[in-house]
Each structure stands twice: as C-alpha cells, then as structure tokens.
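Working notes, beginning with the structure itself.
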Amino acid sequence: MASAGQERIGVYPGTFDPITLGHADIIRRGAKLVDRLIIGVTTNPSKNPLFTPEERIAMVEREAAALGIGNVSVVGFNALLMKFAQKQGASVIVRGLRAVADFEYEYQMAGMNQQLNATIETVFLMADVGLQPIASKLVKEIAMFGGDIARFVSPAVRDDVVERVAQNGLMGDY
C-alpha cells in the first residue's frame, strides 16, 4: 500500500476501440483498488482501429463519466506502457483477463514490464462471468455484419459504432 500521504495511482491501458461493458466493469472494479485510476488510451500498430485516438479518448471520457466514479481520468498515450505509467506516477498496472489465452499473453507482458520497471506491479482482474466473451474486435465484427451489439456496449457506444460502420461502408453481406 501507499505510505501515508502518498497517493496510490493505477493505470488501466488499452486501445478501447470501442470501449465495451467489459472494460467498464474493469474500470469500476479497478478504481476501488487505487486512489486514482488513469485510463490510458493507446495506439496499437497491430490493430486496425475503427476510431481515431482522439475519438477513442472522447468515447472513454464519456463512458467513464457515465460510471460516476470520481477517481478516474483518461489520458491518451503513444509510448512504452512502463514509461507512460512511470510518468503518471503509477505504482499499479490494472489488466482484465477473460480467458486462459488472455492470461498467457498478459503473464508474458507483466514479466517483460517487470524487467523494465520492477517498482510497478501488475494486477489482474478476472472478467465478470457474464462479460467474459466480450472483445472489442468481436464487437466490431458483429457490427460490420449487421448484428446487434447492444448487449456488449453502452447505448451511446452502440450508436457510435453503428454510425462509423455505415460511414465507412464496412457493412458486410448478411
């Protein structure tokens, strides 16, 4: 725990393209573990984003505000996670786990991050059972084929995704 007078800061990083109900659950629960939770919205060159970084930051800010949690803020970044976390004064990285495949990847990342900065701990939160199958990639694919994504994202995010898919002409045959 943080010593007296020292704020315990956590970072929850992700691309959030789009932010899902699973992400919101991890934000809600992660915020209870720290004095301040910074949601770090990043880019990932290996992913094909539907939204720009600025749009994702605005979407996450809107969704985080809707949760009504006072100790959460949103910051965009395009850097090595551990450098970003250190710059924010974080002592904890919060990560959500849905399945064994997530664990294997996240375990390897946590090990590499520890090699880069041993003073920042990684904390894994298991996804709520009802939210475990939700992944941003799958939400986008469902929307692109005309499926209903209302069970996976907030109504506002649903509208954003449906509008973007239509704007970009990404709707597949169904």
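The values are calculated or read from the model by the stated rules, or taken from the named source; none is laboratory data. Here the structure is a predicted model, which is why all the values come from computation and not from measurement. Glycine also receives a Cβ, built like all others from the backbone with ideal geometry; neighbour counts cover every protein chain displayed.
Residues of the stretch 1-52 being hydrophobic (A, V, I, L, M, F, W, C) and in contact with a Phe, Trp or Tyr (Cβ under 8 Å, 6 or more places away or on another chain), which ones? Please lay out each step first, then the result.
Filtering the stretch 1-52 for residues hydrophobic (A, V, I, L, M, F, W, C) gives 1-2, 4, 9, 11, 16, 19, 21, 24, 26-27, 31, 33-34, 37-39, 41, 50-51.
The answer is Val11, Leu21, Ile26, Ile27, Leu37, Ile38, Ile39, Val41.
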Query raised in the report: So how many residues does the stretch 157-174 have that are surrounded by 12 or more Cβ atoms within 10 Å (Cβ to Cβ) and touching a helix residue (DSSP H, G or I) at 6+ places or on another chain (Cβ under 7 Å)?
Result: 7
Requested in this report: Could you pull out the residue among Ile93, Ile27, Ile9, Ile69 that is more than 21 Å from Val165 (Cα to Cα), in contact with a helix residue (DSSP H, G or I) (Cβ under 7 Å, 6 or more places away or on another chain) and surrounded by fewer than 17 Cβ atoms within 10 Å (Cβ to Cβ)?
Outcome: Ile69
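If a residue must be in a strand (DSSP E or B) and either over 18 Å from Lys137 (Cα atoms) or not β-branched (Val, Ile, Thr) (or both), how many such residues does the stretch 8-43 contain?
11
Select from the stretch 96-148 the residues that are among the small types (Gly, Ala, Ser), more than 21 Å from Ser46 (Cα to Cα) and buried (at least 17 other Cβ atoms within 10 Å of the Cβ) and list them in ascending order.
Scanning the stretch 96-148 gives a single hit, Ala127.
I'm checking my understanding of the structure. Among residues of the stretch 30-66 that are polar (S, T, N, Q) and without any contact (Cβ under 8 Å) to a residue 24 or more places away in the chain, which one is farthest from Asp160 (Cα to Cα)?
Ser46
For the stretch 60-160, which fully contained helices (runs of 4 or more DSSP H) count at least 2 residues that are under 22 Å from Ile38 (Cβ atoms), modelled with pLDDT of 95 or more and aromatic (Phe, Trp, Tyr)? Give the derivation first.
Numbers: elements: 81-88, 100-116, 136-144.
Correct list: empty, since no element meets the threshold.
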Requested in this report: Could you grab the pairs with beta carbons closer than 9 Å, sequence gap of 6+ or different chains, first residue in the stretch 114-126 and over 12 Å from Ala90 (Cα atoms), second one polar (S, T, N, Q) and in a loop (DSSP other than H, G, I, E, B)?
Outcome: Met126/Gln132
Report task. Inspect all residues belonging to the stretch 34-51 and state whether any of them is under 19 Å from Asp17 (Cβ atoms), of a type in the set (S, T, N, Q) and touching a Leu at 6+ places or on another chain (Cβ under 8 Å). Result -> yes
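Based on this model, can you work out whether Lys137 counts as basic (Lys, Arg) and closer than 15 Å to Asp17 by Cβ?
Yes.
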